[in-house]
Amino acid sequence: MDVSLSEDQRLIGESVRGYLAEHAGPEQLRKAVEDGQAFAPSLWRGLTQDLGLVGLMAPEALGGAGLGARDMALVLEALGERLAPAPFFETAVLALPALLALARPDQVERWAAPLVAGERRACLAFADAQGRPDLDALEAQLTTTPTGWRLDGRSRFVSGLPASDLVLVVARHPDEGLSLLALPLPAAGVTALSVPSLDPTRPMGELAFDAVEVSADDIVGAAGQARKALHDVLATAAALLAAEAVGVAQACLDMTLAYVQERKQFGRTIGSFQAVKHALADMVADIEAARSAALYGVLAIDQGGPDASAAASASLAWCLDAAKRCAGQAIQLHGGVGFTWEHLAHLYFKRAWSNATFLGAPERHREHVAARMGLDATAPSSEPH
Amino acid sequence: MELTYAPELEAYRAEAAGWLHSQLSGSFAHLRGVSDHVTQIPERRAWEAALGQAGWSCVGWPAAFGGRDASIAEQVIFAEEYARAGGPERIGHIGVELAGPTLLAFGDADQKARLLPDIAAGRSIWCQGYSEPNAGSDLAAVRTRAWREGETYRIEGQKIWTSMGAIADWCFVLCRTEPGSVGPKGLSFLLVRMDQPGVTVRPIRQMTGESEFCEVFFDGAIAQADDRVGAEGDGWRVAMGLLAFERGVSTLGQQMRFRTELDEIIALAKANGAARDALIRQRLVTADTGLKVMRLHALRMLSGEPGALGPEALTYKLFWSNWRRDLGELAMAVGGREAELAVAGGGFSPLTHMFLMSRADTIYAGTNEIQRNLIAERGLGLPREARG
Ligand SMILES: Cc1cc2nc3c(=O)[nH]c(=O)nc-3n(C[C@H](O)[C@H](O)[C@H](O)COP(=O)(O)OP(=O)(O)OC[C@H]3O[C@@H](n4cnc5c(N)ncnc54)[C@H](O)[C@@H]3O)c2cc1C
């Protein structure tokens, strides 16, 4: 019943925020965005080697901290507040858990350990041709050859690819089912391209596969066995992206509150106009609700059970919408300066929007919840006329 | 996701559930699920008395005044079981949730001993005399005045929107005891018996068709000087302290009622085909998530430092009232034209009634606009509204 933070959890939040205040300020963000990768090497060393955050949910035997989703959520919220330029979500929330769920011991040593140590950065290619997380419609195709397998097709919309040196590709096999492949870049037959996109704080790329030779070593765990693990990883990721979205929304409120207290029009601060006050009050209410929604998601994930994935989806859909509203209001309440490239508001706005497609749109997640609630499209109905 | 309770609390839960169930399937079966405050008043009084006799009326109060000294967790459990058992809306709620806690916090020993046991026993029903025709959101503008005559006060003035004014035994009245004072200064908090010649009550018909709230006229009505809570002229502090009790543990019981309403809407959407519509499904899921958000919100409030008003507490009223208003609209969207039909005997189906009632949620206990002012001013430190 008591949902307050433990002392340790409070410390996690504080130490990450303290670190980011020094190493992920507006200047670092602007610079990392201009270089196209949204990747600051010194920040990455800090997050991994100094703070050990990538392995927060990884087993202690591997150098991780063995903690849960609620703990990781504290990190992501703080990263979201700063739009910290690092492929942290991709590495720590998508790639590493997928590896840990599937890898054989030798593969854990080979692929997971370097991620925890901050020596490699990784991303997960899980989207279909439209960027949806539809594991039945993937374009990466695995076929059997006399010596093993070959990989063809492509993976689009791979967030974090530009800054990664390891990609985990989810591929379909016509008979075997889904497999997860670990491909260190560069790799023969693999073309990795950066694809400029809306959100420069979370750049994405595209992978093309041309008869890539795949051995049993490259397949994480056993061939064709990846589906369940990927569903679980994506459910946990949904709950954690919700936490990141809360951070994004909070930062939008913070910058807007500061601005309306200093900007004057009509001889008074704009924060004294009721329309402005009420807009900010709505943002607070939106953010507090999102905070509760995010908490609902991670508590459900940590508790496990059959409803965890629907809870994560519900939580994510809720928080994505809240972050979009808050980011939109941040621009509106800044007036013209909010529309400039120079101001940070647009970066938050773009992150709020790209988050809302990263792991599937809110509508898609709500449909997932609807199905779990027994609401479906097949109930009897009559035509409109 | 289930939030679990300590095992010893499960015995308490079983005891509460057992009692409620036996009553509400036995002699009080006809009150099950009653969601208004105006019908079957004699039976409702008997229900309040039964709760009191069994010690379930005011579980969080000290045993000396008829409570059970229940912990927060136990209070939550009782509220949940009450809603789960289909307990009727409590006509005693203003006494139990507002007057009682105010007396506990601000009353003197004599007032507590005289008044609390009657509330806990379901013998006295209370109403709240705050709003006036010209003092709504701007509550400090109240004009009803009272002056001292020996050991009593005389009261002159008018209250409005007084819920349950027509059935209440007592009213707590915020009135002006310092002639010529303005705003929050010079007000006193008087407890007034309704059953006396100087009090006239006129019910007001609401948009639901019922008359739950009333106009209350005080024309030389008498209050005992002993029944002033707090010092003369210190009524505003008492009145504001009371408003803090309007949120808290009872919200978790309220959420169980919301759950029942939403479950009815979901069941209806499945049965009548409305769930085939993707937009309806989206709204149903949003409502469902919103209720989970509300639950976590309440748990955050209860887990927070006692007395501290965190942002989740400051935004709670705005959140739940908007959620409920949306729920009302969703009920009508799911119900379709059928939901517009009056039912036999007058009135509307429970969901349509809820839709109409939900329009009050964003008005009473501080309108949405006033909530936003509070969040902006107290929560964010933005400049206060200009006052005329
Ligand atoms: C069903 C119901 C039951 C009630 N029960 C009780 C009861 O038992 N006892 C009791 O004392 N009262 C009761 N009330 C009264 C309730 O508290 C008042 O209606 C409420 O405080 C609003 O006051 P008002 O009606 O005078 O509206 P007003 O204050 O006149 O408000 C009208 C509109 O103006 C807006 N407004 C006012 N001031 C501001 C501002 N500063 N900034 C922005 N907008 C503003 C309001 O938000 C509202 O939209 C009840 C009301 C209802 C609907």
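Worth pointing out:
- Farthest towards the positive end of the charge dipole of the protein assembly as shown, among the residues A:THR269, B:PRO311, B:TYR153, is the Cα of B:TYR153, using unit charges on the Cβ of Lys, Arg, Asp and Glu.
- Calculated from backbone phi, Karplus (6.51, -1.76, 1.60) coupling profile of segment A:150-159 in Hz, x at Gly/Pro: 10, 10, 10, x, 8, 10, 9, 6, 9, 5
- Residue of B:GLY180, B:GLY241, B:GLY290 that the Gaussian network model of chain B assigns the largest fluctuation, springs spanning Cα pairs under 10 Å: B:GLY180
- For segment B:27-93 and segment B:100-118, distance of Cα centres in Å: 19 Å
- When nucleic acids and ligands are ignored and a 1.4 Å probe is applied, B:VAL334 ends up with an accessible area of around 10 Å².
- Diffusion coefficient (Stokes-Einstein, Kirkwood radius over C-alpha pairs, 10 °C, 1.306 mPa s) for chain A: 74 µm²/s, rounded to a whole number.
- A cut-off of 5 Å between modelled amide H atoms, ignoring neighbours fewer than 5 places along the same chain, links A:VAL195 with A:MET204, A:GLY205, A:GLU206.
- Cysteines without a disulfide-compatible neighbour (Cβ-Cβ under 4.7 Å), chain A: A:CYS123, A:CYS319
- For segment B:297-304, backbone phi angles converted through the Karplus equation (6.51, -1.76, 1.60; θ = phi - 60°) give residue-by-residue couplings of 4, 5, 5, 5, 4, 6, 7, x Hz, Gly and Pro being listed as x.
- Overall dimensions of segment B:234-388 by Cα: Rg and Dmax, Å: 18.0, 58
- Angle between chain A longest axis and helix A:308-334 axis [Cα atoms, degrees, rounded to 10]: 40 degrees
- Sequence of B:TYR364, B:TYR316, A:TYR19 when ordered by accessible area, the most exposed leading, probe 1.4 angstrom: B:TYR364, A:TYR19, B:TYR316
- Counted by Cβ distance under 11 Å from B:GLU156, the other residues give a net charge of +3, where Lys and Arg count +1 and Asp and Glu count -1.
- Rounded to whole Å, sorted largest first: equivalent-ellipsoid semi-axes of chain B, Cα gyration tensor: 34, 25, 22
- Relative to the Cα centre, the charge distribution of segment A:227-372, modelled as +1 at Lys and Arg Cβ and -1 at Asp and Glu Cβ, gives a dipole magnitude of about 260 debye.
- Working from the Cα coordinates of segment A:227-372, the gyration tensor eigenvalues give, after taking √(5λ), semi-axes of 34, 14, 11 Å in decreasing order.
- Segment B:184-244 versus segment A:88-115: alpha-carbon centroid distance in Å: 67 Å
- By the helix-only formula, in which each DSSP H run with n ≥ 4 contributes -39500 (n - 2.57) and the sum is divided by residues, the protein assembly as shown has a 222 nm mean residue ellipticity of -14500 deg cm²/dmol.
- Less than 5 angstrom separates the built amide H of B:ILE160 from those of B:SER131, B:GLU132, B:VAL216, all sequence-distant by 5 or more or on a different chain.
- Degrees between helix A:69-82 axis and first principal axis of chain A (Cα, 0 to 90, nearest 10): 60 degrees
- Net +/- balance of residues flanking A:THR147 in space, Cβ distance below 14 Å, scoring K and R +1, D and E -1: -2
- A/B buried area, accessible surface, summed, 1.4 Å probe, Å²: 4100 Å²
- Stokes-Einstein D for segment B:319-388, Kirkwood Rh over Cα pairs, 25 °C, 0.890 mPa s (µm²/s): 174 µm²/s
- For segment B:9-23, the Karplus equation 6.51 cos²θ - 1.76 cosθ + 1.60, evaluated at θ = phi - 60°, returns couplings of 6, 5, 5, 4, 4, 5, 5, 4, 4, x, 5, 4, 5, 5, 5 Hz by residue, with Gly and Pro reported as x.
- Shape category assigned to the protein assembly as shown from the gyration tensor of Cα positions, a/c cut at 1.5: prolate
- Value of relative contact order over chain A, rounded to a whole percent, pairs C-alpha under 8 Å and six or more apart: 15 percent
- Computed from Cα positions, the angle between helix B:109-120 and the longest principal axis of chain B comes to roughly 30 degrees.
- Mean-position separation - Cα centroids, segment A:266-314 and segment A:127-202, in angstrom: 34 Å
- Residues along segment A:297-342 losing 20 Å² or more of accessible surface when the other protein chains are present rather than the chain by itself (probe 1.4 Å): A:LEU299, A:GLN303, A:ALA314, A:TRP318
- Residue (of B:TYR130, A:GLY55, B:TYR12) at the positive-pole extreme of the protein assembly as shown, dipole from beta-carbon charges: B:TYR130
- Within the accessible area of the protein assembly as shown, the carbon and sulfur atoms contribute 54%, probe 1.4 Å, all protein chains present.
- Taken about its Cα centre, segment B:182-263 carries a charge dipole of about 220 debye when Lys and Arg each add +1 at the Cβ and Asp and Glu each add -1 at the Cβ.
- Equivalent-ellipsoid semi-axes of segment B:9-91, from the Cα gyration tensor, Å, largest first: 21, 14, 11
- Of the two radii for segment B:126-233, the radius of gyration is 0.96 times the Kirkwood radius, both from the alpha carbons; that is the Rg over Rh value.
- Rg and Dmax over the alpha-carbon atoms of segment A:123-214 stand at 12.6, 43 Å.
- With all protein chains modelled, accessible area of B:ILE72 [1.4 Å, Å²]: 80 Å²
- Our summary gives chain B a relative contact order of 12 percent, counting only alpha carbon pairs under 8 angstrom and 6 or more residues apart.
- For segment A:166-234, the direction-averaged projected area of the alpha-carbon convex hull comes to 5.7 nm².
- Per-residue accessible area (protein heavy atoms, 1.4 Å probe) orders B:TYR153, B:TYR5 as B:TYR5, B:TYR153, starting from the largest.
- Loop-resident sites, segment B:159-210, for trypsin sites (Lys or Arg not before Pro), counting at most 15 other Cβ within 10 Å (DSSP): B:LYS185, B:ARG205
- Per residue, in Å², the accessible surface of chain B once ligands and nucleic acids are set aside, probe 1.4 Å: 43 Å²
- Net charge of the neighbourhood of B:ALA221, taken over other residues with C-beta under 13 Å away and scored Lys/Arg +1, Asp/Glu -1, is -1.
- Residues in segment A:227-372 average 35 Å² of solvent-accessible surface per residue, probe 1.4 Å, ligands and nucleic acids excluded.
The values are calculated or read from the model by the stated rules, or taken from the named source; none is laboratory data. Note that the coordinates shown come from a computational prediction; the quantities given were computed from them, not determined experimentally. Virtual Cβ from ideal backbone geometry, glycine too; neighbours counted across all protein chains shown. Each accessible area value is taken on the protein alone, full model and side chains, heavy atoms only, with ligands, DNA and RNA left out. Shrake-Rupley method; radii C 1.70, N 1.55, O 1.52, S 1.80 Å.
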